[in-house]
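*Asks:* Questions regarding the structure given below will be posed in turn.
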Amino acid sequence: MAGSTEEAPDCGRGVVITDNWPGYDLNLFTYPQHYYGDLEYVLIPHGIIVDRIERLAKDIMKDIGYCDIMVLCVLKGGYKFCADLVEHLKNISRNSDRFVSMKVDFIRLKSYKNDQSMGQMQIIGGEDLSTLAGKNVLIVEDVVGTGRTMKALLTSIEKYKPNMIKVASLLVKRTPRSDGFRPDSHMRDQ
């Protein structure tokens with residue numbers, strides 16, 4: 001199964017922001033005037049996010065082995081992260097001696113209705129998942145919370161027998177409700 005259910009050490013493959021991190025002073029950055037008065041600090045500067053996504057792309061290419069990739073972007077939150085990650089993956093492919101073909105598809109996951117858990121997950125959109133058979137699949141998600149939804153998605157996708165499944169997440173929440181799932185690549189614990 002993709003990802004891991006082991007407790008990830010703080011020095012793992014992500015950048016860790018502690019619960020008591022005060023953030024960076026706003027005077028160190030420029031930001032749109034319409035945010036003036038609404039922001040107290042900058043938690044993660046944009047440059048750190050960009051650099052980390054570039055490193056995630058390198059790690060993903062190393063893990064997948066410069067093979068063709070089917071990217072499944074989990075909407076809506078994962079769109080921007082996925083677009084940035086795919087752009088970095090394409091740059092790595094262009095600058096290597098082997099072209100890596102990437103196809104991107106979009107899915108939405110529904111496990112709640114009116115803020116109540118339905119007890120099961122529904123996959124909305126995307127092509128027929130049977131087309132994932134024999135492919136190297138990269139699931140791109142913005143935030144992994146408890147991990148339950150991602151585990152359910154992985155179980156659904158594994159039925160179609162892809163060659164490989166990897167999970168990349170921009171953020172992983174530290175929450176007491178977590179089942180311990182950690183994506184293969186992620187930016188940091190939130």
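None of the figures in this text is laboratory data; all of them are computed from the coordinates on show. Here the structure is a predicted model, which means the values were calculated and not measured. Cβ coordinates were reconstructed from backbone atoms using ideal geometry, including for glycine residues, and neighbour counts include every protein chain displayed.
*Asks:* Between residue 58 and residue 80, what is the FRET efficiency for a Förster distance of 22 Å, r being their Cβ-Cβ separation, to the nearest 0.05?
*Replies:* Values: r = 20 Å, r/R0 = 0.89.
For residue 58 and residue 80, the calculated efficiency is 0.65.
*Asks:* While we're looking at this one, here's another question. What FRET efficiency, computed as 1/(1 + (r/R0)^6) with R0 = 22 Å and r the Cβ-Cβ distance, is obtained for residue 146 and residue 122, rounded to the nearest 0.05? Numbers along the way, then the final one.
*Replies:* On the way: r = 17 Å, r/R0 = 0.78.
FRET efficiency, residue 146 to residue 122: 0.80.
*Asks:* Now a separate question. Arranged from highest to lowest average of other beta-carbon atoms within 10 Å per residue, in what order do the peptides 41-53, 75-87 appear? Don't skip to the answer; put the middle values down first.
*Replies:* Working: 41-53: 14.1, 75-87: 16.9.
The most tightly packed comes first, giving 75-87, 41-53.
*Asks:* Excluding residues fewer than 8 places away in the same chain, name every one of the lysines whose C-alpha is closer than 19 Å to that of residue 80.
*Replies:* 58, 90, 103, 166, 173
*Asks:* Could I ask something else about it? Considering only DSSP beta bridges where both residues belong to the stretch 17-157, give the percentage that are antiparallel (nearest 5). Can you show the working numbers first?
*Replies:* Working: 6 of 17 bridges.
Restricted to the stretch 17-157, the bridges split so that about 35 percent are antiparallel.
*Asks:* Quick check on the stretch 65-145: take the gyration tensor over C-alpha atoms, sort the square-rooted eigenvalues as a ≥ b ≥ c, and tell me if it's rounded (a/c under 1.5), prolate or oblate.
*Replies:* Working: a/c = 3.29, a/b = 1.92, b/c = 1.71.
Judged from the Cα gyration tensor, the stretch 65-145 comes out prolate (a/c at least 1.5, a/b above b/c).
*Asks:* For the stretch 31-181, what's the radius of gyration and Dmax over Cα atoms, in angstrom?
*Replies:* Rg, Dmax (Cα atoms, Å): 16.9, 52.
*Asks:* Still on this structure: Output ³J(HN,Hα) for the stretch 128-133: one whole-Hz value per residue in order, computed from phi by the Karplus curve 6.51 cos²θ - 1.76 cosθ + 1.60 with θ = phi - 60°, and x for Gly and Pro.
*Replies:* 4, 5, 5, 6, 7, 4
*Asks:* Which ³J(HN,Hα) values in Hz, rounded to whole numbers, follow from the phi angles of the stretch 161-172 under the Karplus curve 6.51 cos²θ - 1.76 cosθ + 1.60, where θ = phi - 60° and Gly and Pro get x?
*Replies:* 6, x, 5, 7, 10, 10, 10, 10, 9, 6, 10, 10
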